[in-house]
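Input: a single structure, listed below in structure tokens.
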Amino acid sequence: MDLQGCGTALITPFRPDNTLDEPAISSLVHWQIDSGISFLVAAGSTGEASTLTEYETVRLIETVVGSAAGRVPVLAGCTHNNTAEAVARVGKLSRIPGLSAILTANPYYNKPSQEGQYLHFKAIADASLLPVVLYNIPGRTAANLEPATVLRLAEHNNIIGIKESSGNIAQISEMIATAPRNFRVFAGDDGIALPAIAQGASGLISVGSNVIPRHMAQMIDAALNNDWSTARRIQRHYSKFLNALYWEPNPAPTKAILTLMGKIHGGLRLPMTEVSPVTRRKLDILIGELGLLVDALPTGEDLRVF
């Protein structure tokens with residue numbers, strides 16, 4: 001599996017009664033793939049995985065895999081702060097037919113040492129029947145996976161890469177410089193994708209591509225092919241939009257926009273809440289200015305290079 005390019009950290013659509021909206025999930029998957037996205041991530045933090053039951057997690061992943069039908073790789077989120085529980089879950093998820101890899105984040109809340117994280121991830125990789133991609137997101141987990149620990153984990157035959165969401169470009173640079181050549185480093189934040197790729201990252205696992213999959217895929221493909229003029233002008237055009245996805249906690253703004261676009265019915269599970277009326281109005285104005293209600297750039301667009 002040659003994992004690179006722009007992958008989407010998929011949101012999880014819910015029906016008005018708060019159950020999984022499988023038709024909407026399938027529709028999003030088809031739209032993403034038709035728009036040129038390179039791979040998909042189901043049941044990650046953007047997918048509100050922490051609010052899903054084990055049955056719902058499996059069903060969500062099965063729906064995404066079935067809808068993708070082998071056209072792109074699908075990664076499944078599998079994170080828990082109890083190592084034994086994470087090992088048990090990865091054993092079940094890695095048996096889902098057609099699934100490509102496991103994405104697993106730092107154990108949250110416990111604030112483990114580097115040695116604790118190393119042993120935690122090693123146990124998951126030992127138990128998985130599929131390749132494992134690490135996920136470093138200290139802003140949500142209160143634990144940072146340091147480059148030296150990543151380097152140790154990269155020696156494991158089953159660990160193939162990392163999604164790096166620390167926001168620390170120096171740390172990402174060190175990982176890229178020291179990891180084995182076949183170890184994939186992915187930017188985990190839309191805003192740092194281009195500087196990360198410029199230093200050798202393999203791509204981006206994106207939140208923004210939930211809404212603008214075609215343009216995010218074009219931006220990352222351009223950067224990977226050293227077409228920096230195209231990559232920069234797309235990033236510049238959508239920079240305010242990408243920032244807007246964090247006006248309130250992720251994925252609330254993303255779901256609000258997809259609802260305005262008619263892609264989903266909306267709704268989040270507590271403790272996540274929908275965006276405020278003020279934020280919703282600001283998002284409505286922004287996506288109208290960008291032409292996203294028809295998934296097209298507005299006439300007379302200004303895409304000048306820096």
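The values are calculated or read from the model by the stated rules, or taken from the named source; none is laboratory data. Please read all numbers here as calculations on a predicted model, not as lab measurements. Using ideal geometry, Cβ is built from the backbone for each residue, glycine included, and neighbour counts are taken over all protein chains shown. Heads up: the accessible areas ignore ligands, DNA and RNA and are worked out on the full protein's heavy atoms, side chains in. Shrake-Rupley method; radii C 1.70, N 1.55, O 1.52, S 1.80 Å.
In the stretch 22-59, the qualifying residues are those that are among the acidic types (Asp, Glu) and open to solvent by 10 Å² or more (accessible area, probe 1.4 Å), and the one that is farthest from ASN157 (Cα to Cα) is GLU22. Residues that are exposed (fewer than 14 other Cβ atoms within 10 Å of the Cβ) and of a type outside the set (S, T, N, Q) were ranked within the stretch 253-283; the one that is nearest to SER239 (Cα to Cα) is ARG281. Of the residues making up the stretch 168-198, those that are open to solvent by 20 Å² or more (accessible area, probe 1.4 Å) and within 14 Å of the chain's Cα centre (by Cα) are ASP189, GLY191, ILE192. Pairs are defined by a Cβ separation below 8 Å, a sequence spacing of at least 6 or placement on different chains, a first member in the stretch 216-236 that is closer than 17 Å to ILE205 by Cβ, and a second member that is of a type in the set (Lys, Arg); no pair meets this definition.
One residue is enough: does the stretch 204-211 have a residue meeting the conditions free of Cβ contacts under 8 Å to residues at least 60 places away in the same chain and surrounded by fewer than 22 Cβ atoms within 10 Å (Cβ to Cβ)? No, the stretch 204-211 contains no residue that is free of Cβ contacts under 8 Å to residues at least 60 places away in the same chain and surrounded by fewer than 22 Cβ atoms within 10 Å (Cβ to Cβ). Just one of (1) outside any loop (DSSP other than H, G, I, E, B); (2) crowded, with 22+ Cβ neighbours inside 10 Å fails for ALA201. It is (1).
The residues in the stretch 204-218 that are part of a helix (DSSP H, G or I) and closer than 21 Å to THR46 by Cα can be counted, and the count is 8. Residue by residue through the stretch 22-58, note down the ones that are out of contact with any strand residue (DSSP E or B) (no Cβ under 9 Å at 6 or more places or on another chain), aromatic (Phe, Trp, Tyr) and within 23 Å of GLY188 (Cα to Cα). Correct list: TRP31 only.
Let's see how each residue does on (1) within 30 Å of LEU52 (Cα to Cα); (2) under 19 Å from the mean Cα position of the chain (by Cα); (3) modelled with pLDDT under 95:
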| site | (1), (2), (3) |
| --- | --- |
| VAL207 | yes, yes, no |
| ARG236 | no, no, no |
| PHE241 | yes, yes, no |
| LYS255 | yes, yes, no |
| LEU283 | yes, no, no |
| PRO298 | no, no, yes |
